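Working notes for the structure below.
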Amino acid sequence: MINISIREMSEMLQTKKISVQELCSLYYDRARAFNEQTNALITLYPELCAAEIMHAQETVKSGGSVLAGIPLVHKDLFCTKGKKTTCASRMLENFISPYDATVVKKLKTQGMVTLGKANMDEFAMGSSNEHSAFGIVNNPWSHQRVPGGSSGGSAAAVAARMVPVATGTDTGGSIRQPAAFCGITGIKPSYGRVSRYGMVAFASSLDQGGVLAPSADDCALVLSAMTGHDALDSTSANQPQWQWRKPESPDMRGLKVGVISSWIDSLQDEGIKQLTLQGIEYFKNNGAEIIEIELPHAELAVSAYYILAPAECSSNLSRFDGVRFGHQTAQAENLEALYRQSRSEGFGEEVQKRIMIGTWALSSGYYDAYYLQAQKVRRMISDDFKQAFAQVDVMACPVSPELAFKQGEKSDGVSMYQADQFTIPASLAGLPCLSMPIGFSQGLPVGLQLIGNYFDEQTILSIADKYQQQTDHHLKMPEAYL
Ligand code: GLN
């Protein structure tokens with residue numbers, strides 16, 4: 001029951017094999033039972049919301065949305081009206097959102113039932129979920145290892161089936177990398193596809209909301225409901241709601257898949273390398289044409305990103321000053337001390353580091369040398385992708401150069417930053433991309449990344465769905481949570 005698809009759950013609700021209350025309670029009990037081991041949730045609501053259950057049950061009765069009655073958790077940076085939204089930071093520890101994020105509202109309207117809020121790296125900065133003010137998240141496949149980040153709580157919660165689906169956000173890889181580390185599917189849509197209204201900003205030109213769930217079909221169903229233009233977000237794309245068309249057969253004839261051999265060759269981990277090659281081989285065996293492509297400037301992506309993202313974060317996070325927003329220090333001698341102490345107490349180390357890097361990169365004298373250069377690199381990377389997509393429909397590449405690493409293993413920031421080398425390029429270009437499970441190495445899950453052209457979520461999700469029609473990696477669960 002806990003390892004079935006959203007479509008199957010919906011079918012059971014429609015045919016009255018189970019009620020919304022029963023389905024949600026089943027997951028709620030698992031979430032409560034497993035949160036101690038995983039620490040995947042910052043907030044588990046004290047009980048199921050009666051109004052949400054009622055709305056869901058009515059939606060089911062009227063034959064409405066396939067999502068009606070499906071429980072979920074939101075990454076704790078989506079505002080949830082009347083409820084805490086902490087961003088895993090002491091700064092917002094007691095912040096109660098005055099309104100719902102557009103994503104939250106849309107999914108609520110469909111009849112989805114929110115069980116709580118998922119743990120994450122503070123303000124979505126990190127690749128391991130070790131930077132949360134509310135504790136490290138444990139990877140359900142191996143508790144001493146990280147679940148990836150920053151949407152690590154969302155990924156761990158789904159991997160342990162504490163919920164069938166969770167929202168996440170991806171700025172430089174934060175949906176794809178934790179999905180890969182936890183053996184589930186995760187999609188970051190095109191920039192602008194999903195409204196950022198009510199999603200606390202880290203780097204506004206990169207942040208994008210998305211979904212983590214076992215299968216591509218589950219992800220697609222939820223993503224579809226999240227999309228559409230939003231007048232409340234000026235960067236929301238002027239596109240109608242995206243409609244998912246589930247493919248009928250696994251046939252991939254006519255599909256052109258781009259492969260970047262230099263990325264695969266660079267993999268030090270033999271297990272990841274072999275599984276990546278096997279995944280590509282699978283596409284070929286199902287009729288796809290494999291085409292070698294190059295992204296000559298992608299190797300500069302990590303450097304450019306770690307100028308641009310901190311620059312934007314230094315600006316976005318300036319509002320948390322203890323006066324307008326966020327934690328205020330208990331005692332300060334004067335105004336400057338008030339700002340300094342409030343921010344020193346409220347922000348964790350990684351966030352403070354990035355604010356400083358960003359402020360520095362934007363300061364006069366350094367702006368031209370760093371920020372402007374990084375923007376130029378960003379454009380060159382986008383152009384590389386444009387040229388590649390003139391030849392192919394999709395690209396297949398690794399998500400992460402390594403398996404889920406041990407907690408505490410990457411204490412220096414730079415080696416953690418390098419972990420994002422395969423996810424950041426598509427983020428800088430604003431392209432839709434996903435990670436899907438392709439097997440296990442040393443007992444740990446491995447993901448394959450698919451990158452699509454602008455607003456072509458359909459193609460990457462279709463390929464993943466076709467693959468999942470014939471494989472079962474996405475259905476594997478960690479033993480301790482069966
Ligand atoms: N790991 C990257 C970072 O630390 C990406 C984070 C994200 O996508 N939110 O910035």
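Here are a few things to note about the model shown:
- Whole-number D in µm²/s for segment 216-274 (Stokes-Einstein; Kirkwood sum over Cα pairs; 10 °C, 1.306 mPa s): 102
- Nearest-0.05 FRET efficiency for E349 and Q373, computed from C-beta distance (R0 30 Å): 0.65
- Neighbour-count ranking [beta-carbon atoms within 10 angstrom, fewest first] of M436, M199: M199, M436
- A full extension of the chain between S303 and T109 corresponds to an added length of 65.8 nm, given 0.36 nm per residue minus the alpha carbon distance.
- Pairs over the 28 Å Cα-Cα cut-off, from the set K117/K353; K83/K410; K84/K406; K117/K273; K188/K476; K105/K353: K83/K410; K84/K406; K117/K273; K105/K353.
- Taking H327, H131 and counting other C-beta atoms within 10 Å, the order from fewest to most: H327, H131
- The chain, relative contact order [Cα under 8 Å, separation at least 6], %: 17
- Label-to-label distance, Q418 versus K284, with points set 7 angstrom from Cα along the beta-carbon direction: 3.0 nm.
- Simple spin-label estimate for L232 and Q458 gives 2.9 nm between the two label positions (7 Å along the Cα-to-Cβ direction from each Cα).
- Under 19 Å from the Cα of K376 - lysines, other chains or at least 8 residues apart: K386
- Computed from the alpha carbon atoms alone, the convex hull of segment 243-379 holds 209 Å³ per residue.
- Cα pair distances exceeding 16 angstrom across segment 329-370, given as percent: 50
- Stokes-Einstein diffusion for segment 112-163, with the hydrodynamic radius set to the Kirkwood value over Cα pairs and evaluated at 37 °C in a medium of 0.692 mPa s, equals 306 µm²/s.
- In a simple Cβ point-charge model (Lys, Arg +1; Asp, Glu -1; nothing else charged), segment 360-431 has a dipole of about 140 debye relative to its Cα centre.
- Just so you know, the averaged projected area of the alpha carbon convex hull for segment 425-469 sits at 3.5 nm².
- Computed from the Cα positions only, the extents of segment 1-73 along the three principal axes stand at 37, 26, 16 Å, in decreasing order.
- Ranked by how many other beta carbons lie within 10 Å on average, peptides 372-379, 220-227 from highest: 220-227, 372-379
- Label point 7 Å beyond Cα of K386 along Cβ direction - residues of segment 264-306 with amide nitrogen under 15 Å: 296-297
- For segment 324-424, alpha-carbon Rg relative to the globular expectation (2.2 N^0.38 Å, N residues): 1.56
- Cβ-to-Cβ counts within 10 Å put F325, F283, F78 in ascending order as F325, F283, F78, the fewest first.
- Pairs of Cα atoms farther than 35 Å apart, the chain, %: 26
Every read-out reported here was derived from the displayed coordinates using simple, explicitly stated rules and does not represent laboratory data. Everything quoted here is computed from the prediction, not taken from an experiment. Don't worry about glycine lacking a Cβ; one is built from the backbone with ideal geometry, like all the others, and counts go over all protein chains shown.
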